[in-house]
Amino acid sequence: MTVRRLTAAAMTTAAVTAAIAVPASAADHRPHRERVEISSVQYDSPGWDNRSNRSLNGEWVEITNYSRHGVNLDGWTLSDEDGRTYTFDHYRLEGRATVRVHTGIGLDTRRDVYQDRRNYVWDNALTVTLRTSFGICSSTPWEIKDGIPQ
């Protein structure tokens, strides 16, 4: 009888330990997360700010995918602190690739997309935020003073 009780107690302990360990190991497992970040910003287009399309397209934000896998950016947004927002539509950023988001008007390609705006977006108090449907992916809390990121 004692052997049976000890065996039953040992099996119960093992079962309880296994039940506790499975959720803990599942909680430790993190899903694959893409490394897509804002990599560079040209907040002030070179030359005169005359609102020409050339000048507007001289203002841009670069988004880089540092992972090996392509990422669907459909629905992701790029916004400034004043709420001006660009939404990616049917765009896939390949692995280890960069896309430049221009302010002005143009034809979208794999490397360049255009917001089709007629006014500048990024100002000298620069905060650019890249968001997914799950929340903030990347942000540049840079403040520009005398043309220098602080």
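The values are calculated or read from the model by the stated rules, or taken from the named source; none is laboratory data. Just so it is clear, the model here is predicted, and its values are computed rather than measured. In this analysis, Cβ positions are derived from the backbone assuming ideal geometry, glycine residues included, and neighbour counts consider all displayed protein chains. Side chains included, ligands, DNA and RNA excluded: accessible areas come from the protein's heavy atoms. Shrake-Rupley method; radii C 1.70, N 1.55, O 1.52, S 1.80 Å.
If a residue must be part of a strand (DSSP E or B) and of a type in the set (V, I, T), how many such residues does region 92-125 contain? Before the answer, list the steps.
We begin by selecting, within region 92-125, every residue part of a strand (DSSP E or B); these are 92-93, 97-102, 112-114.
If we keep only those that are of a type in the set (V, I, T) as well, we get 98-99, 101, 113.
Qualifying residue count for the region: 4.
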Going through (1) free of Cβ contacts under 8 Å to residues at least 24 places away in the same chain; (2) among the charged types (D, E, K, R); (3) open to solvent by less than 60 Å² (accessible area, probe 1.4 Å) one by one, E62 fails only at (1)
Filtering region 77-99 for residues that are of a type outside the set (S, T, N, Q), at pLDDT 95 or above, open to solvent by 20 Å² or more (accessible area, probe 1.4 Å) and under 13 Å from L130 (Cα atoms) leaves a count of 1
